[in-house]
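**Student:** Below are the structure tokens for one structure; questions will follow.
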Amino acid sequence: MTETLFTNARLADGTLNDILVSGGRISAIDKAGKSAATAKTVDIAGALLVPSFVEGHIHLDTSFYGDKWIPHKACTNGFDVHERVAFQAENMAAAAPMDERARNQLDLCIANGALQMRSHVMVDGSVGLKSLETILAVREAYRDIIDIQLVAFPQSGILKSPGTPELMDEAIGMGADLVGGLDPLSFDRDIKGHLDVVFGIAEKRGVDVDIHLHDAGTMGAMTIEEICARTTALGMQGRVAVSHAYGLGDLGPDAIKKIAALIAKSGVAIMTNAPGNHNFPPVALLRAAGVTVFSGNDNIRDSWWPFGDGDMLRRAEIIAYRSGFYTDAELAAAFDVVTAGGAKALNLEGYGIAIGAKADFVTLAAEHVAEAVVAIPKPRRVFKEGRLVAENGAVVR
């Protein structure tokens with residue numbers, strides 16, 4: 001069995017440690033200098049060693065990262081999901097090959113330290129299963145350096161897009177890991193019919209659920225309440241996520257506390273990337289209520305906005321900044337959202353810096369987690385099961 005000793009690694013508690021990795025997993029953690037020498041030694045040189053970041057929400061099929069610059073087109077009358085979907089279709093028709101763009105985006109994320117990912121992939125009547133077929137092949141090519149969950153995502157709606165329920169079911173059979181959804185009330189205008197399809201496939205196929213929800217205010221809150229009810233009724237606690245959930249940021253103090261308790265009880269996780277032009281879920285309040293909160297970069301240089309650098313540590317900083325987090329404990333909470341919180345939401349096995357965990361970790365030039373969140377230090381070294389897979393901003397092949 002291959003063994004590697006990582007020496008002088010600074011852990012989150014500030015102590016220097018030696019970490020022994022055997023067969024891709026952490027087999028021992030000792031104070032620095034107390035471990036016996038092994039055949040191979042890697043000196044971390046006092047850098048902060050943290051678990052790899054969890055990219056919990058991204059779109060590998062629709063990013064234009066690495067492609068030609070596509071100027072952003074604003075909606076004609078405020079944010080409108082239908083209009084943005086139409087813009088996306090126009091842009092995709094002129095974009096570089098999907099597999100090329102997906103690889104560019106993966107290299108970017110891996111180099112920044114994300115080794116676990118959940119990507120939503122369009123599966124609906126407008127594209128059929130073509131996008132999924134492409135991304136499944138890309139996932140296979142990257143299987144040794146990043147773990148990727150794929151969500152069958154009905155970007156054009158479920159009920160409005162003929163044939164989509166059957167396509168989503170087929171997508172799970174092809175290798176998609178989760179079933180998705182999109183704004184049941186405002187997009188399909190049929191919350192019951194939409195969720196019947198989503199949870200019906202989930203129950204039939206034994207897979208988890210991750211639903212996009214952009215709807216604001218009481219419309220968004222009502223949808224979340226229905227999702228929580230379905231989750232509880234089917235015994236799917238811990239296996240359902242709502243992505244974006246902008247409406248939670250619109251509610252008054254009493255209403256948000258009430259729904260936070262409901263979300264926590266049902267075990268539904270909430271994903272937020274704290275976008276600049278929307279209210280977003282109150283991270284501290286949700287976490288205090290026991291809700292699992294996680295994050296993702298979402299769109300990277302695509303038809304929805306021109307931003308994104310694939311760095312989940314920067315995403316933690318954005319969440320902290322927009323949430324008014326200043327203390328070390330608050331900054332650590334933002335860091336948890338992009339690490340352990342993401343691992344819990346994605347039901348990852350063997351995550352973390354602990355004996356028995358997978359040796360997936362990142363080194364940062366910081367004294368502690370709080371400094372890392374505000375400084376966003378680079379360069380970084382990224383290790384997958386103890387193997388160096390990225391260094392100095394580039395994937396090592």
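Every read-out reported here was derived from the displayed coordinates using simple, explicitly stated rules and does not represent laboratory data. Model, not experiment: these values are computed from the prediction. Here Cβ is always computed from backbone atoms with ideal geometry, including for glycine, and neighbour counts include all displayed protein chains.
**Student:** Mind jotting down the three principal axis lengths of segment 52-132 based on Cα atoms? Whole angstrom, largest first.
**Tutor:** So the extents along the principal axes, rounded to whole Å, are 40, 27, 23.
**Student:** Could you check how many percent of all C-alpha pairs in segment 187-318 are farther apart than 23 Å?
**Tutor:** 33 percent
**Student:** Got a sec? Charge dipole of segment 11-106, +1 on Cβ for Lys and Arg, -1 for Asp and Glu; which of LEU49, ALA39, THR62 is way out at the positive end?
**Tutor:** ALA39
**Student:** When all C-alpha to C-alpha distances in the chain are sorted into bins of 10 Å, what percent of pairs does each bin hold, rounded to whole numbers?
**Tutor:** 5, 23, 33, 25, 11, 3, 0
**Student:** Further, regarding this structure: How large is the convex hull of the C-alpha atoms of segment 142-190 per residue, in Å³?
**Tutor:** Taking the convex hull of the Cα positions in segment 142-190, it is 78 Å³ per residue.
**Student:** Compute the whole-percent fraction of alpha carbon pairs in segment 115-208 spaced more than 22 Å apart.
**Tutor:** The proportion of pairs with Cα distances above 22 Å equals 24 percent.
**Student:** Determine the distance separating the Cα centre of segment 46-105 from the Cα centre of segment 139-175; give it in Å without decimals.
**Tutor:** 17 Å
**Student:** Can you pull the three principal axis extents for the Cα set of segment 343-397, in Å, largest first?
**Tutor:** 31, 29, 21
**Student:** Which number comes out as Rg/Rh for segment 303-344 once both Rg and the Kirkwood Rh are worked out on C-alpha atoms?
**Tutor:** Ratio of gyration radius to Kirkwood radius: 1.04.
**Student:** A further question follows. Evaluate Rg over Rh across segment 146-251, taking Cα atoms for both radii and Kirkwood's formula for Rh.
**Tutor:** Ratio value, two decimals: 0.95.
**Student:** Give, to the nearest whole percent, the P(r) tail of segment 245-322 beyond 21 angstrom, counting all Cα pairs.
**Tutor:** Everything past 21 Å amounts to 29 percent.
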